[in-house]
Structure formats: structure tokens, C-alpha cells
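One structure below.
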Amino acid sequence: MWGWIFTSSLVAILAALFAQKYDPSSSTTKNDNNNNNEDTATTTTPTASSDPAKRTSSSSSLSSPKAVYVIGDLHGDVHCAKHWVQRTGLIIEEKDEEETTDTTTTHDNNNNKKKNKNNNKFKWIGNENSHLVFVGDYVDKGPTSRQTIEFVKALTDQFPKQVTALMGNHEMELLLDRDEKRHSVWGGAAYFQMAWSSVHPGEYLNYLHDNDDHDQNSNNIEEDSMIIDALYNASIEVYGYEQERNVVFKTKAETTDSEDNIRGSILDFVSPMSLRPLIEKRMPIYQQLYLSAFSTGTELGTWLEQRPVLALIDGTLFVHGGISSEAAQQINQIDDNNDDNNNNAHAGIDALNQALRLHASESQLYDFIENTMQGRAVYDMLTYRGNHQKGACSYLKNLLPDGVHRLAVGHTPSDSVRILCQGQFLALDSALGRWFRNSGNDYCPGHTEQVSSNGNYRCYKMDDTCQGQIVKIQHQNANGKQVELIY
């Protein structure tokens, strides 16, 4: 059972190469065991102060809102998503009687059939000229990703001219995973099957109500909870043996039959062994229901496909990852060509957003990202971290389109929002999700402390409070704007 763990150096090298080319987001975490923090971008703690797709205009640019509130990466935590929206003071929620209350447990709230959909109505109570921006990464690294998407979607649906929700790299990976051509890219697995940085085991329970046959069997509820607990325990064992890069959430049959696979199955770590046949049968059902919920033509799939990559609001360019020189060249090239025709001065931003929307279906997206210059630029802007590097401030201005004076991004986490480059660069990922803040990229259940059998890894009990910061960007005077942190 354990023989494959002590893999040859060749397998380790291959895994490392895959990790470099397809690097799941690094984490900032207070879990001392976490070894998944691969990116070490320089960060500075700031000093605290006291859908374009659905707009009537096709432009991704908005001018002169009274204030712009920006919420960073939420990563599967609907409770904190609602907390931070409340902290903006822009929106109040009128709760539906059947609303399911979020808890800090792993899956207490997930088996309430068809009640976890957000049916709430909202009221805009802020200044009508204010704007709310989400920078992406609503999913993964926490077990309430579906509820988080449904919540943010409800806001964009009700306030399409005042709420912008960008695409994050984790939403992109989810959309790409719908194409079977992607199911061997990550060392013989799909992104959602990774043993870290992707789908929490508890997340799968949010989709079981989509399968009426499964729901009608009362025995399944108890079995499903038992399976999810076993998958969390198996994950902890994987981390205890430092095998997260060599294990995937695939069945034994799938890892054995695939020629592309260089990793082992999570089932090798499941205890008791008597559960393994049941998980071997049930886990593919969970995963298919998960992907099907985001298929082209579904409510959630369509919404994700329409997320813009870029939004320009009153001189600030919002993008999830960052702007590389290659991506800037794509934007500027379209702008230059457009200037000859005296059209929209920021046509490059609109063109890239439009290109993604036109090619976001599950039958087109993979080829668009892999085989077109625009697609590669889109993926680059979702994953790029180079704007955080030492010395990047010196050439930041050269990367931005004319008229843009500030770049605001998520994706690269720290415990705090970072205001850099004399206010021209905002790094907004302050680990807002509680599961991510507690255990980083690792799959810890959150509601309890657990230790691996060999004692090498510990999942800590999660703090119930929502931590981090969001920002408010507002006019200070005729010469500039003020960026205020909101706790």
C-alpha cells in the first residue's frame, strides 16, 4: 500500500515540473505545517486609516463613481463574503425564510435539500454613484464555494451597473476542467482533483441536491457525511507524509488505467479500508455533479463564462492576477489599432473581455486559452504575479494603458492588503476566507483540530471571525484619490 510513496527521483522531478508550469495559487497561512507557499512576493503592511457583461454599455470602463469598494479573494467562504459586503455599507440583505445559515462546520449546512440556493433580495443603501468590485477567486480552498458564487451572482444580477465581479484564476481552472482534454494536464489529473489548493472535500456535498435519485435515498446522507470525513482525514495523512504533490482525488481504477498519471490515489490513505470500495464508487459521482453544475447553459456556468478579466473604473484597472509585459502588449496593440479609427480609447480592455465571453463555452475555452494570443493573454492576467516583485514599481506605469494611473489585483495573498508604488499598485488578497487563512492550500475541516497519524501535520481549529481588509477608493482632491482600509 505504501510502496509507491517512496517514488523514484524521476517522479519527483516530473511532479516539480508540473508544479512550476501549472502552479496552484500559493497560500499565506497561520498553519505552521503548510509547505505549499511557493511564491514569496515582497509585501508591505499598509498604515490603516480611521457585470460589465450585463451593463447596457459594452464598455468595461466606468468613470467618476463617488467611491469604489473592492473585495479581495473570498475562496469558498460565503459567511465572510456577506460580512465584507455588509462592511461596505452599500447593501443590506432581505433574508428569504428558507435561507440556509452558514456555519463553521464542514458540512452541517450542505444536506438541506434545495435550500442552499441564495433566494435573497438585496437593497442598495449606499450612494447610487458608488461601485462594488470583487476581484475573483470565489471558489476553492473552502467548502462553501457554490454558496459564495450564488451570493456574488445575486448581487451582480440585482445591481448590474453598480457591482462588478471579475474572473479569478480558480474560476478559469474550473471552467477549463469541464473539457476532458484538461483531465490529464496536472500530472495525470484535472485541477479540481488536486490534493491541495482546489476543491475541499466538503464542497461536493453542495451539489448532491442536484441529483434527485441520490437525494431520495436516506441512507446516502449518512454515507456521504462519512465519506467526506474520511476524505478530510485522508488529506491530513497525505500532508503528514508530505505527499500532496504525488496524490490526487482520483479512484484507484483511474490512476491505474491512465498512462498519463504519475500520481497515486487519495484512496490509498483512506481509513478504515472498508470505506474504500464505497468511495471508489461515490467520488466520481460527486465530481461529475460538481462539474455539471457549471456546464455551458446552466445558470452558474453561464454566469462564470460572462465574468470579465479586466475592469477600468475611474482610472484604476482591476484584474485578478496582474499585467505582464506580454499582456500589456496585447492590450496596447488593440488600443493602437483602434486609435486609427478614432473609437474607444481603451478598446484593448473591451476586446479581451469580449473575446473571453465569445469563447468561454466548454467546447471552445481550452483551445482558446491554449492556441490563441488573446487566450494566452487572458490566462496570463489571471495568474501573473510579477507586479509584486522587487523593483516592479519602476516600470509599472509603462505596463498600463494611457489614462490608467493605478493597478489593483488579487491572487497573491498576504495577511493584509498592501498599498505599494506610492499608491499606484494595490495588492488586495488579504486572505479573507477563513479556511484559507487557517490552513492555506490544505484541506482542513475547520471545525475541529486534527493531527496526522505520524504526528507530522496538524489541522488547527478555525477562527470564526472574518479577518483581513477590504478597500475603499475615493476622490481626495483634484490631484488624487485616497485609498482607505476597511476592517
Residue count, the stretch 416-463 (criterion: among the hydrophobic types (A, V, I, L, M, F, W, C) and either assigned to a strand (DSSP E or B) or within 24 Å of K390 (Cα to Cα) (or both)): 11
Filter pass, Y286 being at pLDDT 95 or above, aromatic (F, W, Y) and within 19 Å of the chain's Cα centre (by Cα): no
Q288 being within 30 Å of V378 (Cα to Cα), open to solvent by 60 Å² or more (accessible area, probe 1.4 Å) and not small (G, A, S): yes
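Is there a residue being within 15 Å of L426 (Cβ to Cβ) and modelled with pLDDT of 95 or more anywhere in the stretch 443-456?
The answer is no, given that none of the residues of the stretch 443-456 is within 15 Å of L426 (Cβ to Cβ) and modelled with pLDDT of 95 or more.
Closer than 23 Å to W196 by Cα and not in a helix (DSSP H, G or I): does that describe P401? Spell out the reasoning first.
On the way: closer than 23 Å to W196 by Cα: no; not in a helix (DSSP H, G or I): yes.
Spelling it out, it is not the case that P401 is closer than 23 Å to W196 by Cα and not in a helix (DSSP H, G or I).
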Some residue of the stretch 248-257 being modelled with pLDDT under 95, open to solvent by 20 Å² or more (accessible area, probe 1.4 Å) and among the small types (G, A, S): yes
Whichever residue in the stretch 206-226 is surrounded by 13 or more Cβ atoms within 10 Å (Cβ to Cβ) and modelled with pLDDT under 60 and, among such residues, is farthest from V78 (Cα to Cα): H214
Exclusive hit being open to solvent by less than 20 Å² (accessible area, probe 1.4 Å), over 29 Å from Q424 (Cβ atoms) and among the small types (G, A, S), set G240, G321: G240
Hey, S439 surrounded by 14 or more Cβ atoms within 10 Å (Cβ to Cβ), over 29 Å from A355 (Cα atoms) and touching a Leu at 6+ places or on another chain (Cβ under 9 Å) or not: no
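The values are calculated or read from the model by the stated rules, or taken from the named source; none is laboratory data. This is a predicted model, so every value here is computed, not measured. For neighbour counting, all protein chains shown are included, and Cβ atoms are generated from backbone atoms with ideal geometry for every residue, glycine included. What goes into the accessible areas is simple: the full protein's heavy atoms, side chains included, and nothing from ligands, DNA or RNA. Shrake-Rupley method; radii C 1.70, N 1.55, O 1.52, S 1.80 Å.
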